[in-house]
Every structure is written in C-alpha cells, then in structure tokens.
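Derivation of every value follows stated rules applied to the coordinates shown; laboratory data play no part. Being a predicted model, the structure only gives us computed values, none of them experimental. Here Cβ is always computed from backbone atoms with ideal geometry, including for glycine, and neighbour counts include all displayed protein chains.
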Ligand SMILES: [Zn+2]
Ligand SMILES: [Zn+2]
C-alpha cells in the first residue's frame, strides 16, 4: 500500500459515505530518515522545538537527531525523561508541560509507546503540533488521534491529535530490541480478533463500520504476516514493512475517529493485565506482547463459541440474573483504585443491563449461523502462537508474570473497561463466560 496516497483519505468514502481524513502530512520510513526531519520542520516554518526522549531513546536516536536539528539552525530544547517506571501519567504530563516555554512552536517525540503517548497528549493540550521520530516498530499508535494514558490509576484512551509527520530511520528500527519488534507483530496480529469484534458490533448493535477502513487494516495485517521470515533476520525491508503496517493501522483509526479498527477484546485483556501489574508493583510486559497473548485467548474463545451449543433459555435466565450490587462488589475486588470508573461506565452504558442483553440475545439468535461462520473462519490460536514464537515472543501468561487467576479474571472483567462489543461480551451474552474463563486459564496460563 502507498502510504502517502493512503493519507489523502476521502471527502466522501464510497464504502461508508463518511469523510475520512488525517492531518498527518508525511510518513518517511527508510534509510537516513533522521536527516530529513529538520528540512521538513523548516518547510513547515517550525524552528523552536522541544525534543522529548527518555534516557534510552535519547542514546538510540535523540542525541543524533538533536544534533542534526541544531546543525540546521533550529532552536531545540532537549527534555530527557527517566525511563525507569515511566508511565503516561500525571507526573510525566507535568514534566513535559513544565519544560515547554510558550514560544515553542512544535514538539518532537523521540521513541515509541510511552514517550509517543505523553508527547501526543501534551502537545495537543498545549495546542502545538508534534513530529514523531519512531525508534522501534513496537505498536500502532503513531498515527492515531488517541493517546493511551494512565490517569487516576486507570488505563484510559483520550482523544488528542495525530503528528504532522512520522519519521523512522531504518537502521535505528532494525537495531530495536527483538522484544520490541515482536511487540509490533503482536499488536498487528491482534487485528484478526479485533476486526471480527468490530463486525459483530455492526451486526448486533448497529455500530458504525467501514469496509474501506477494515481493508486498510487487513492489508497491513497481511503485509506483516508476509514479512515474518524477514523480521526473524532483522531484514531492513521487513522491519520497514512492519513499521509502515503499524502506521497505516493508526491512519485507519484516524479515519474512523476512534480506535475501533485496531482495538478489540485482545486489547482489553492487555489493558487489564497491565493495570493488574501496576497495582501489584510489577513492571508490565510490552503492550504488543500482552496483545499477542490476548490474541491467543480471544481466538481460542472464538473457536470455542463457533462450536457452542447455545441453550437460549439458560442464556436469557443468565441475563436476567445480573445483580448490579454484586457486579460493583466484584469490580471493586478486581479493579482496586480504578473500580469507581468501571462501575460508573456500567451505570452509564448498561452493557450488562438485562433488557439490553436480552435484546442482543434476540439479535444474536437471528444471526447465529452467520456469526458462528465468522468465528469459525478466524485463524486458530496455534497459527498466531507459532508466529509469535518465531520472534521469541511469550505465548503463555506465566512468561510475562501473569497468573492463571489473572487470565480467568481478565476474560470475565476486561470487557468492563470499555463500552464496545467484543467476543468477550458475546461469551457473557451467551452465558458462557465462566466456561471461557476456565478454558483460557487452562490453555494459556
Ligand atoms: Zn469509509
Ligand atoms: Zn495496540
């Protein structure tokens, strides 16, 4: 796929009728890309910059990029955050905003996940554009409007803005730790489940869906799977293809206006495990690695539900048995300090409210053969497990310090952090969530 052409979007999409656009002007992933950052900024009339890195990305690329910006005559202020325990939280936001004088014209984010999210969020809140300098192909948030933040102890996705440009120097990307390349692969393989979740949302709740955007994500997924053997060898073209696939997925999110095309139940599971790790004071595994595990769990559940003999009367009785007080108590036990947000979401959205579940059950029953066929058409978890293992990524929860209990709890509770239809909500609607939680803990702990 031609990235520059994909950025153009459409005033009226032939597939969905909506306008698709992004203010991302340039994607430049290739050899010597750092040398082209200063000319781009000058072209945009941006000469006073805040360059944000952490102490790892500063050494990998920040220092060299900073020198290139200065050499080109640009004024740049460096801000190097401590990488140990760095989170996209209130403290990091404060550090960046405090270091940003009013006359700074743009921010430059040197890094991936955490640094990228912090700068995306802060630059948006102070009303300045930013440029992303990607140091590893580890996640797909580069080009999205959404910043994955961690506020009030809760993993939360907030609308911010897209960068003006994304640069990725091929040599830097190729030298990224294999764990980060594997994380990028895991984040991409999650789309197998996520796109099916989105389609179920369309079919069962009438949610907005665009086949063109889905096609963008599917082509990224295919490009990524095709480059797997090259990734194992750190081949430059394969790593660049992965980085481009991650950027295109972000553009797809921009086109949709939210993260739906790139984030389903596999992501909710990952977010749940991340929050549990932080509550317990453990360092969470990389986002894409947890998404990889979430993908194995969701694809396995999809396969189980594809062959599920539904007892519709029992499912309806299960829906009616929902008890809001018991739910709140369970969330308090599982989500700790984040429980009030989760309980408030259920109160507002009524995901599990009996009337809504019963209405969905009717829609599920009416479309059950088609839904089961779509679930059966998903790849089995073994295929994704082998792809992840080829890059040395963990394929069992225990390898990331996640317990069997946390696998089961996540299957039951991860869906409560978003109002979004997924295979986990389907398991609940069918009254199968306990069976799926036990299955997942048995298979993937
Ligand atoms: Zn569309
Ligand atoms: Zn992701």
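With axes computed from alpha carbons, what is the tilt in degrees of helix 324-335 against the longest principal axis of the chain, rounded to the nearest 10 within 0 to 90? Helix 324-335 sits roughly 40 degrees off the main axis of the chain. Computed from Cα atoms, the angle from the helix 191-205 axis to the main principal axis of the chain rounds to 60 degrees.
The fewest-to-most ranking of 330, 420 by surrounding Cβ atoms within 10 Å reads 330, 420.
If Rh is defined by the Kirkwood formula over all Cα pairs and Rg also comes from Cα, what ratio Rg/Rh do you get for the stretch 243-300? If you can, show how the numbers build up before the last one.
Values: Rg = 12.8 Å, Rh = 12.3 Å.
The Rg/Rh ratio comes out at 1.04.
Taking the helices alone, the chain has a mean residue ellipticity at 222 nm of -17000 deg cm²/dmol, built from -39,500 (n - 2.57) per DSSP H run of at least 4 residues and averaged over all its residues.
Evaluate E = 1/(1 + (r/R0)^6) for residue 419 and residue 368, where r is the Cβ-Cβ distance and R0 equals 22 Å; express this FRET efficiency to the nearest 0.05. Spell out each step's value before the answer.
Working: r = 23 Å, r/R0 = 1.06.
Between residue 419 and residue 368 the formula returns 0.40.
Our summary gives the stretch 1-152 a relative contact order of 21 percent, counting only alpha carbon pairs under 8 angstrom and 6 or more residues apart.
If the segment from residue 219 to residue 383 were pulled out straight at 0.36 nm per residue, it would be longer than the present Cα-Cα gap by 57.2 nm.
Between residue 2 and residue 97, full extension at 0.36 nm per residue minus the direct alpha carbon distance yields a gain of 30.6 nm. Size check on the stretch 66-166: the Cα extents along the three principal axes, sorted descending, read 41, 28, 27 Å. As I understand it, the value is the acute angle between the Cα axis of helix 236-256 and the longest principal axis of the Cα atoms of the chain; what does it come to in degrees, rounded to 10? Tilt relative to the chain: about 70 degrees.
Between 237, 386, 325, the residue with the greatest mean-square fluctuation in the GNM of the chain (Cα pairs under 10 Å linked by springs) is 325.
Ranking request for peptides 280-286, 61-67: highest mean number of other beta-carbon atoms within 10 Å first, then the rest in descending order. The partial results should precede the final answer.
Details: 280-286: 16.1, 61-67: 20.9.
Averaged packing, sorted descending, gives the order 61-67, 280-286.
Between 431, 113, 292, the GNM of the chain built on Cα springs shorter than 10 angstrom shows 431 fluctuating the most.
Sequence gap at least 6, Cα distance under 8 Å: using those rules, report the relative contact order of the chain to the nearest whole percent.
Numbers: 812 pairs, mean separation 69.5, N = 445.
Reported as a whole number, the value is 16 percent.
Averaged across orientations, what area in nm² does the convex hull of the alpha carbons in the stretch 3-176 project? Answer in nm², one decimal: 10.5. Among 13, 194, 210, the largest mean-square fluctuation in a Gaussian network model of the chain (Cα springs under 10 Å) belongs to 13. Residues of the stretch 71-108 falling in the label zone of residue 158, defined by backbone nitrogen less than 15 Å from a point 7 Å along Cα to beta-carbon, are 87-98. On the principal axes of its alpha carbon atoms, the chain extends 72, 42, 41 Å, with the longest extent given first.
Could you give the C-alpha radius of gyration of the stretch 227-350 expressed as a fraction of 2.2 N^0.38 Å, taking N as the number of residues it contains? Walk me through the numbers on the way to the answer.
Values: Rg = 19.0 Å, N = 124, 2.2 N^0.38 = 13.7 Å.
Rg over 2.2 N^0.38 Å, computed on Cα atoms: 1.39.
Can you tell me the relative contact order of the stretch 261-444? Whole percent, Cα pairs under 8 Å, sequence separation 6 or more. Reported relative contact order: 35 percent.
Taking 7 Å steps out from each Cα toward its Cβ at residue 404 and residue 235 produces label points 4.1 nm apart.
Full extension of the chain segment joining residue 355 with residue 208 gains 50.7 nm, where the gain is 0.36 nm per residue of separation less the Cα-Cα distance.
Would you please put 246-258, 141-153 in order of how densely packed they are, using the mean number of other Cβ atoms within 10 angstrom per residue and starting with the highest? Write down the numbers at each step before the final one.
On the way: 246-258: 25.0, 141-153: 22.5.
Highest to lowest by the protection proxy: 246-258, 141-153.
Overall size of the stretch 261-444 from C-alpha positions, given as principal axis extents largest first: 44, 39, 29 Å.
Please state, to two decimals, what the Cα-based radius of gyration of the stretch 176-258 comes to when divided by 2.2 N^0.38 Å (N = residues).
Working: Rg = 13.8 Å, N = 83, 2.2 N^0.38 = 11.8 Å.
Output field value: 1.17.
For the pair the stretch 389-445 and the stretch 79-114, the centres of their Cα atoms are 33 angstrom apart.
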